[in-house]
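Please treat every number below as a calculation from the coordinates, not as lab data. Keep in mind that this is a model prediction, so the values were computed, not measured. So basically every Cβ, Gly included, is an ideal-geometry build from the backbone, and we count neighbours across all protein chains shown.
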Amino acid sequence: MQDTTMAIEPTFAILSGKGGTGKTLLSVNLASVAKEATYIDCDVEEPNGNLFFNPTKEFEKLVTVKKPVVDDALCDGCHKCVDFCAFNALALIGNRLMIFDDICHSCGGCIYVCPQKALTEQDRAVGEMSIGRSGAVRSISGSMNIGENSGVPIIEELLKHKSSGLTIIDAPPGSSCLVTESVRLADFCILIAEPTTFGAHNLAMVQELVSLLGKPHAVVLNKTLEGKNPSEEFCIKNNIPIIGRIPFDKKLGSLNSVGKIAAREDKHYHEVFSSILEKALEEVRK
Amino acid sequence: MIIAIPSDKESLDSAVCVSFGRAPFYCLYNTETEQSTFLVNSAADSPGGAGIKAAQLLVDNKVSILVTIRCGENAAKVLQPAKIELFKALNLSVADSISAHVQNKLEPLKEVHAGYHNGH
């Protein structure tokens with residue numbers, strides 16, 4: 001890699017169709033082989049990147065969303081807010097307004113339409129986020145409070161702290177809203193897949209998502225073995241570049257299972273992940 | 001007193017709809033006039049919160065009794081403070097369900113389910 005100071009470096013998002021495929025393994029190792037990188041753990045339902053980085057915490061805050069609160073003394077039961085809410089988060093029985101916080105999308109519309117000014121916004125914590133440092137990696141991580149139904153506001157907050165340097169986004173599994181939000185700022189998506197029929201099916205799902213979003217992408221094959229690899233066949237059939245292969249390997253599994261970053265522990269793995277990062281950088285510059 | 005019954009079709013011989021919040025129609029039966037009318041459920045195709053909006057529709061139409069196969073917890077949170085009583089529908093047509101309720105043959109609906117919200 002050339003030392004291109006001042007240039008804006010790319011943001012990569014690492015995705016897979018299901019959990020346990022190797023997103024965090026690839027993300028933490030790619031961030032670790034870079035000269036400097038920001039790692040963002042967007043899997044706010046079960047963040048685990050910091051188990052590897054064990055960063056020195058530099059900043060933390062609660063993530064809040066705005067929720068409406070009603071003053072019963074001012075509400076005259078006019079029904080306007082109930083009719084306005086596109087998510088049906090409000091109900092009115094007589095003159096008593098009920099607010100369903102878990103259905104509310106914090107749009108603020110009910111407050112805007114209320115002629116009595118009976119509704120106000122209050123902050124409600126939905127999770128927390130932190131920024132820390134581990135060597136040359138700045139690690140940004142968030143977690144959602146138990147019982148909350150959407151991690152999107154937390155991911156939005158995490159992405160606000162992204163810098164212009166090389167960034168690795170560790171996306172949540174699957175192809176939900178959380179994933180869509182996580183890849184919003186990505187210049188390039190790296191899809192990681194297992195060598196099974198199930199793995200190829202999950203790869204196809206997430207590949208469809210990144211195609212719909214118009215994101216350029218490539219694949220890293222994980223846990224590769226001798227013989228047939230349905231995920232590899234999928235890539236060949238659909239002309240998707242394969243930028244790396246991580247072999248099914250006991251040593252790598254052992255390091256990873258005790259929270260060690262293989263690229264920091266072992267020269268061989270440092271080379272494996274450096275090669276993937278270089279190929280990814282070549283792809284993004286194409 | 002008005003009885004509401006979720007119905008699949010806009011007719012008294014229709015089956016009772018298995019869903020409360022996403023039923024296409026509600027049959028509203030007025031026990032005093034013995035007249036029934038059908039209300040289009042504007043909540044049926046809501047992306048979310050259908051039970052809340054459907055319950056609001058019944059509140060706004062002064063319903064006192066709901067005869068239904070099942071009911072979600074958010075809908076119940078609106079129906080209960082509005083003092084709308086819930087009764088368990090049997091495998092009967094809308095017309096026969098009205099008769100069964102008038103003859104006190106229906107049991108109160110005891111369980112509400114957690115809903116079938118598919119997240120996001």
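For chain A, just give the cysteines left without a disulfide-compatible partner, judged by no other Cys Cβ under 4.7 Å.
A:CYS42, A:CYS75, A:CYS78, A:CYS85, A:CYS104, A:CYS107, A:CYS114, A:CYS177, A:CYS189, A:CYS235
Can you give the convex hull volume per residue for the Cα atoms of the range A:1-152, as a whole number of Å³?
162
Can you give the translational diffusion coefficient of the range B:2-102 in µm²/s, computed by Stokes-Einstein from the Kirkwood radius over Cα pairs at 20 °C and 1.002 mPa s?
Taking Rh from Cα pairs, D becomes 165 µm²/s.
Mean separation of Cα pairs under 8 Å and 6+ residues apart, divided by the residue count of the range A:72-117: what relative contact order is that in percent?
43
Can you give me the angle between helix A:197-212 and the longest principal axis of chain A, using Cα atoms only, in degrees from 0 to 90, rounded to the nearest 10?
Relative to chain A, helix A:197-212 is tipped by roughly 60 degrees.
For the range A:188-264 and the range A:64-107, what is the centre-to-centre distance using only Cα atoms, to the nearest Å?
First find each Cα centre; the distance between them is then 46 Å.
Helix-only mean residue ellipticity at 222 nm, chain B, DSSP H runs n ≥ 4 weighted -39,500 (n - 2.57), per residue, nearest 500. What is it?
When only DSSP H runs of four or more count, the value is -6500 deg cm²/dmol.
Mind checking which of B:GLY72, B:PHE20, B:VAL102 is farthest towards the positive end of the range B:2-102's charge dipole, using Cβ charges of +1 (Lys, Arg) and -1 (Asp, Glu) about the Cα centre?
Farthest towards the positive end: B:GLY72.
Based on the alpha-carbon gyration tensor of the range A:113-202, what equivalent-ellipsoid semi-axes (square roots of 5 times the eigenvalues) come out, in whole Å, largest first?
31, 20, 13
Kindly provide the helix-only [θ] at 222 nm of chain A, computed as the sum of -39,500 (n - 2.57) over DSSP H runs of four or more divided by all residues, to the nearest 500 deg cm²/dmol?
Here the helix-only value at 222 nm equals -9500 deg cm²/dmol.
Are any of the pairs A:LYS80/A:LYS160; A:LYS223/A:LYS279; A:LYS251/A:LYS286; A:LYS35/A:LYS162; A:LYS35/A:LYS228 more than 28 Å apart by Cα-Cα distance, and if so, which?
A:LYS80/A:LYS160; A:LYS251/A:LYS286; A:LYS35/A:LYS228
Report Rg(Cα)/(2.2 N^0.38 Å) for chain A, keeping two decimals.
This ratio for chain A stands at 1.17.
Would you mind checking the range A:18-43 for residues with the amide N under 20 Å from a putative spin-label position 7 Å along Cα→C-beta of A:PHE248?
A:18-26
Let me test this: with uniform point scatterers at the alpha carbons of the range A:72-117, what is the Debye-based log₁₀ I(q)/I(0) at q = 0.13, 0.18 1/Å?
-0.24, -0.46
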